[in-house]
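Quick notes on the structure that follows.
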Amino acid sequence: MNVELLVAEIGSTTTVVNAFTDLTADTPVFVGQGMAATSIEEGDVVLGLQRARRDLARRLGVETVAADHIFATSSAAGGLSMTVHGLVPEMTVRAAREAALGSGAVIRMVTAGKLGMYDLEEVRTITPRVVMIAGGVDGGERETALYNFRALTEQMPDTPILYAGNTDNWREIKAIAREQNIRLYLTENVYPSLDQLNIEPARKTIQDIFEEHIVEAPGMAHIHEAVTGKIMPTPGAVMAMTEKLYDVLGDLMTFDVGGATTDIHSVTEGSEDLRHYRMEPEPFAKRTVEGDLGVFLNRKHVLEVMNGLERAKLSIDFESQLARVPEIPESEEHVLLVLPLVKTCCHEALRRHAGRMIEHFTTRGRLRMVRGRDLTAVKTIIATGGALTKLPGALSIISDILATPVTDYLYPTESARVIMDHNYLMASCGVMASAYPEAAVKLMLSSLRLS
C-alpha cells in the first residue's frame, strides 16, 4: 500500500505513526495509525519506528505501507536540552525562556546577571545541546551578555550558542565566535525594548537548531535515514498547530499529557477587562512544559504532588499495582490505575501555567494586579497526547478541574468546551502544516469532530 505522507511522532515512551493521503485535495484523508514502544534503550529509535510502521500495516490489513514523504516529530532522548542566560529575571531572562519553551526545547537551567564560577560548573555538568544568551534591550546594557558569551565559549567550546540579546553586540559576538571557532546562531533580541516581547524569531531558530543537531541525541543517529522531510520537536509541532487553530476556534488551550512530561499550550490575549492590570507582558502563544509530570517515567513524582483527597481514594497497594502497568496500558485495570495520575498531571500543569490575581502595594495604595497568564478568555480546550487520547474519561477529567472552585487563579471558565483530539493528530498536523497548511487544519478539525 502506498500513501502520500507518513508522520512519525517519536516520544519518550511511545512511537506513533500516522498515514495520510490526498493532501492537496479538497478532502484530505487520514488513512490510519500504528504504535509501538520507543526504542531508545536499544540505541536506535528507528527500530521502534519500524515496529510502529508494521503495526500500521497490520491494522490496515496490508503487508507494508510505503510513503512518498516521511516527516517526524520527536521528544525522545530529552528533546532539545537548553540553558538560558539573561540579564534581569522579569525581562530578558523571562523573554528568552518563553522563546525556548515555545519552540519545544527543554530548559535545564536559567540564570540572570553575570555567570559565576559555580554557574559555569553547573552548565558544564548539564551538558546542554544548545546554550541561549540574552540580555539588554537594544541600545541598552551590553556588558553582561558579552561577559557571559566570552565565559561560555571558553568553558564549552563545542556547544552551539544562540545569541538573542542586545543587537548592538552583534559585531563583538561574531568576532569572538570566529576567534573561538564557536557554532553561533544570531537572532533578533527577545526583549528589544521595555514591555515588548519578540520571541518568534528565536523560537524559529531553536527549531532549526533542533532539526540540524537531532542526530547528536542518544539513539537518534539514524533518524535522517528514515525520514525524508521535516523533523520538529513534538512540543513545537503541537504549539504550531494550536496557533493555526486559533484562526478557526479563537482563544484556546491544548493539554498534552505524555509518559514523561505534561505540556500546556495557550493562544490568547487574555480578557480585555484585565489587560490594564497586567504586571508584565505575556506572549500571545505560550507553552509551559512540566518535566516532572508524566504518567510513566515520572509516576513517582506525580504521586508526590497529588492532593490529599485524591490520594485518599487510592487503594493501599496502589503503587505496587501501578508498577506493573507498561508504557501502553493493556487492560481496563491498567487504565483505571493510570487515570488518577492523568488528572493530577492536568491539574498541576494548569496551576503552573495559569496566572493569578495578586495584591500589589504602590504609592497609590493596594491594587489588585494580574501576574502571569490570563486564561479567562479561553473558550476551547483541546485534549491530546497519549495519556489523554488513548484513555477513556479524559474529557471529564479536565471538565471536573474547571468546575472546581479556585481562588485567584485565572483559569478558563467552566463554560469552556473541552474537545478530544480523537485521532491523536495534533503533533503530526503541526509538522505537516509546514508543507500542507490547509490539509493540516482540515484533518485536525476532523479529528476534533468539528468538520
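Quick notes on this structure:
- Counting only helices (runs of 4 or more DSSP H) that sit completely within region 342-451, those holding 1 or more residues that are in contact (Cβ under 8 Å) with a residue 60 or more places away in the chain and either of a type in the set (Lys, Arg) or over 18 Å from THR254 (Cβ atoms) (or both) correspond to 437-447.
- Residue in region 301-320 that is within 20 Å of LYS390 (Cβ to Cβ) and in contact with a Leu (Cβ under 8 Å, 6 or more places away or on another chain) present: yes
- Selection status of ILE209, within 24 Å of ASP256 (Cα to Cα), modelled with pLDDT of 90 or more and crowded, with 18+ Cβ neighbours inside 10 Å: no
- The listed residues are MET253, MET241, and the only one of them that is hydrophobic (A, V, I, L, M, F, W, C), at pLDDT 95 or above, buried (at least 17 other Cβ atoms within 10 Å of the Cβ) and within 13 Å of SER103 (Cα to Cα) turns out to be MET241.
- Against the criterion of being under 30 Å from ALA164 (Cβ atoms) and either of a type in the set (Ser, Thr, Tyr) or assigned by TED's automatic domain parsing to the domain that holds PRO281 (or both), THR13 does not qualify.
- Residue identified as at pLDDT below 95, among the polar types (S, T, N, Q) and either within 30 Å of PHE284 (Cα to Cα) or buried (at least 24 other Cβ atoms within 10 Å of the Cβ) (or both) among THR111, THR127, THR144, THR92: THR92
- Scanning region 158-177 for residues that are at pLDDT 95 or above, of a type outside the set (A, V, I, L, M) and more than 14 Å from VAL84 (Cα to Cα) yields ASN166, THR167, ASP168, ASN169, TRP170, ARG171, GLU172, LYS174.
- Only listed residue being more than 22 Å from PHE71 (Cα to Cα), of a type in the set (Asp, Glu) and either in the same structural domain as ARG368 (by TED's automatic domain parsing) or in contact with an Asp or Glu (Cβ under 7 Å, 6 or more places away or on another chain) (or both), chosen from ASP256, ASP247: ASP247
- Being of a type outside the set (A, V, I, L, M, F, W, C) and under 26 Å from GLU211 (Cα atoms) is a description that applies to LYS174.
- None of ALA57, ALA67, ALA52, ALA37 is at pLDDT below 95 and in contact with a strand residue (DSSP E or B) (Cβ under 9 Å, 6 or more places away or on another chain) except ALA37.
- Selection of region 415-440 for residues being surrounded by 19 or more Cβ atoms within 10 Å (Cβ to Cβ), hydrophobic (A, V, I, L, M, F, W, C) and within 19 Å of PRO233 (Cα to Cα) yields LEU425, MET426, ALA427, CYS429, VAL431, MET432, ALA433, ALA440.
- Those helices (runs of 4 or more DSSP H) lying entirely in region 170-287 with at least 3 residues under 15 Å from the mean Cα position of the chain (by Cα): 200-213, 234-249
The values are calculated or read from the model by the stated rules, or taken from the named source; none is laboratory data. Because the structure is predicted, anything quoted here is derived from the model rather than measured. Neighbour counts are summed over all protein chains in view; Cβ atoms, including those assigned to glycine, are modelled from backbone coordinates with ideal geometry.
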